[in-house]
1. I need the full set of residues from the range 64-123 which are closer than 23 Å to Cys16 by Cβ, basic (Lys, Arg) and not in a loop (DSSP other than H, G, I, E, B), in order please.
2. With the checklist (1) open to solvent by 50 Å² or more (accessible area, probe 1.4 Å); (2) closer than 20 Å to Ala24 by Cβ; (3) of a type in the set (A, V, I, L, M, F, W, C) in hand, flag the one item Ala77 doesn't pass.
3. Could you please let me know if Ser18 is buried (at least 19 other Cβ atoms within 10 Å of the Cβ), free of Cβ contacts under 8 Å to residues at least 40 places away in the same chain and under 15 Å from the mean Cα position of the chain (by Cα)?
4. Within the range 112-121, is there a residue that is closer than 17 Å to Asn34 by Cα and open to solvent by 30 Å² or more (accessible area, probe 1.4 Å)?
5. Do you know which residues across the range 39-68 are under 17 Å from Glu96 (Cβ atoms) and either within 10 Å of the chain's Cα centre (by Cα) or open to solvent by less than 60 Å² (accessible area, probe 1.4 Å) (or both)?
Amino acid sequence: MKYALLFIAILAVSGCASVDYSDAGGRAMVDIKNSGWYLFNFIPIASGNPDRPNEFGCKLFKETATVENNAKMLDFAATERKAKSIKSIKSSWTDESVFIILFKRHVIHTSAELTLEDMDTEE
């Protein structure tokens with residue numbers, strides 16, 4: 001029972017979608033993460049909500065940890081920051097197993113540089 005409660009607590013805070021910004025070094029960078037928990041590596045339990053990045057909550061029994069949804073969140077980030085263009089887009093993923101093959105956490109990472117009107121970036 002103790003492990004089930006621990007898993008539920010982890011699931012509640014980590015099955016999320018996030019968009020993080022950095023303006024360090026004179027460049028506007030965006031880092032996007034969307035994670036999902038799976039039973040036996042193929043049954044989706046909970047995934048991040050790409051329609052509400054950086055907010056508490058997840059989508060139950062839906063597979064939203066995809067590159068397509070990260071692209072949707074990248075469009076959200078570009079619109080929010082009023083970017084003229086997006087360049088240097090890179091996507092990757094990581095997998096973590098819990099209890100050997102019982103649960104797996106799948107995370108899609110996407111990073112890109114935003115070209116902003118108010119920043120002087122050299123090409």
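1. Of everything in the range 64-123, those that are closer than 23 Å to Cys16 by Cβ, basic (Lys, Arg) and not in a loop (DSSP other than H, G, I, E, B) turn out to be Lys72, Lys90, Lys104, Arg105.
2. Exception for Ala77: condition (1).
3. For Ser18, the condition - buried (at least 19 other Cβ atoms within 10 Å of the Cβ), free of Cβ contacts under 8 Å to residues at least 40 places away in the same chain and under 15 Å from the mean Cα position of the chain (by Cα) - is not met.
4. No, that holds for no residue.
5. Hits for the range 39-68 are Leu39, Pro44, Ile45, Ala46, Ser47, Gly48, Cys58, Ala65.
The values are calculated or read from the model by the stated rules, or taken from the named source; none is laboratory data. A quick note: this is a predicted structure, and the numbers were derived from the prediction, not measured. Here the Cβ is made from the backbone with ideal geometry for all residues, glycine too, and neighbour counts use every protein chain on show. Just so you know, the surface numbers come from the protein's heavy atoms only, side chains and all, with ligands and any DNA or RNA stripped out. Shrake-Rupley method; radii C 1.70, N 1.55, O 1.52, S 1.80 Å.
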